[in-house]
1. Look at Val179 and say whether it is surrounded by 12 or more Cβ atoms within 10 Å (Cβ to Cβ) and over 30 Å from Ile14 (Cα atoms).
2. Can you tell me which residue in region 20-38 is modelled with the lowest pLDDT, limited to those that are assigned to a strand (DSSP E or B) and hydrophobic (A, V, I, L, M, F, W, C)?
3. Identify the single condition in (1) surrounded by 18 or more Cβ atoms within 10 Å (Cβ to Cβ); (2) over 15 Å from Tyr138 (Cα atoms) that Gly164 does not satisfy, given that it satisfies every other one.
4. Got a number for residues in region 191-219 being crowded, with 19+ Cβ neighbours inside 10 Å and in a helix (DSSP H, G or I)?
5. Answer with yes or no whether Thr170 is free of Cβ contacts under 8 Å to residues at least 24 places away in the same chain, more than 18 Å from Val127 (Cβ to Cβ) and touching a Cys at 6+ places or on another chain (Cβ under 9 Å).
6. Do the conditions hold for Leu146, that is, is it in contact with a Phe, Trp or Tyr (Cβ under 8 Å, 6 or more places away or on another chain) and either within 24 Å of Ser222 (Cβ to Cβ) or of a type outside the set (D, E, K, R) (or both)?
7. Anything in region 117-147 that is without any contact (Cβ under 8 Å) to a residue 12 or more places away in the chain and either assigned to a strand (DSSP E or B) or not assigned by TED's automatic domain parsing to the domain that holds Val213 (or both)? List them, or say none.
8. Checking Lys80 against (1) surrounded by 12 or more Cβ atoms within 10 Å (Cβ to Cβ); (2) modelled with pLDDT of 90 or more; (3) under 23 Å from Asp132 (Cβ atoms), only one condition comes out false. Which one?
Amino acid sequence: MSASEYIDTEFGVISIKRLSSSRHIRLRIHGDGTLRATMPRFAPVFMLKQLVDSSREELRKNLQDNRITPRTTIYQDGMKIGASHRIRLKQTDRSTAVVRGQLIIWNIPHGDDSTAPTHQAVVRSAVRRALDAEAKAYLTRRLAYLAELHGFTYRNVGYGNAKGRWGSCTNRGVITLNVALMNLPMSLVDYILIHELSHTVHLNHSSEFWAEVERCYPVYRSARKQLKTFSPYL
C-alpha cells in the first residue's frame, strides 16, 4: 500500500490511499474537512482528476451541507494574507518566497504552474512566517487586554498552527493560539481569545464554561456559526 496526494484548485489537497484490493476510485469527505480518495494500486492520477471534475457540484453541496471547509488553501498572486500582507507572484529562474514588509514575494520558474505542490509548499512556509509575525504583534496585546478587562489570568501564550484547532489552554494556564487566527475577522478573533481565556476557569465545555464565555462575549452562538465557514489550516 502506498499513499500520495492530488491538489485540486478548488478543494485543495486530496490524499490518496492505494490499495491492491480496490477496484474503483472512491471519494469521501473526512471528518477534518479534507477529501480523501482510495484507488487501485496502479490507477493513474488523471482518473481521480476526472472523477473530481465530474463530481464537482455534488462535492460542493456535500461540503456545504456538512459545513466543512477544505483543508488546504491554494495560494495565488494578489491574495490577501492575514491583516496586512499580500502575495506578489513573480516569474524568475527559481522557486523562493520571502516576506518583505507587507509583501510576500513569491518567485517561481518561468512557465511553471503555481498550484504545483512544491511551489505551494514554498509560499505556504512564507505565509506562516508572515502570520506568525502578525499574531505575535497583535494577539499578544489583545489577549492581555481581554484578560484584564474580564478578570482572567493566564501563565503564558504561545503560537503554532495546530491542525483543526484555533487555540488551546492547558491546566497550567498556558494558552496556545493558531497563527491562522489572523485570517479571521477581528470579531471572531475576540471570540476565540475569550473561549481560551474561559478555559483558564473551566477546562471542559460544561454549561458553566459556556456561561463564562457568554458573560464576556454575549453573541458567542453567532460567532460559533460564523467560525464554521473558516478553516484553521494554512
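The values are calculated or read from the model by the stated rules, or taken from the named source; none is laboratory data. What you see is a predicted model, and the numbers here were worked out from it, not measured in a lab. No Cβ is skipped: glycine too gets one built from the backbone with ideal geometry, and neighbour counts run over all protein chains shown.
1. So Val179 fails the test.
2. Ile29
3. Against the list (1) surrounded by 18 or more Cβ atoms within 10 Å (Cβ to Cβ); (2) over 15 Å from Tyr138 (Cα atoms), Gly164 comes up short only on (1).
4. 11
5. no
6. Here the answer is yes, as Leu146 does meet what is asked.
7. Correct list: Ala121 only.
8. Status for Lys80: all satisfied but (1).
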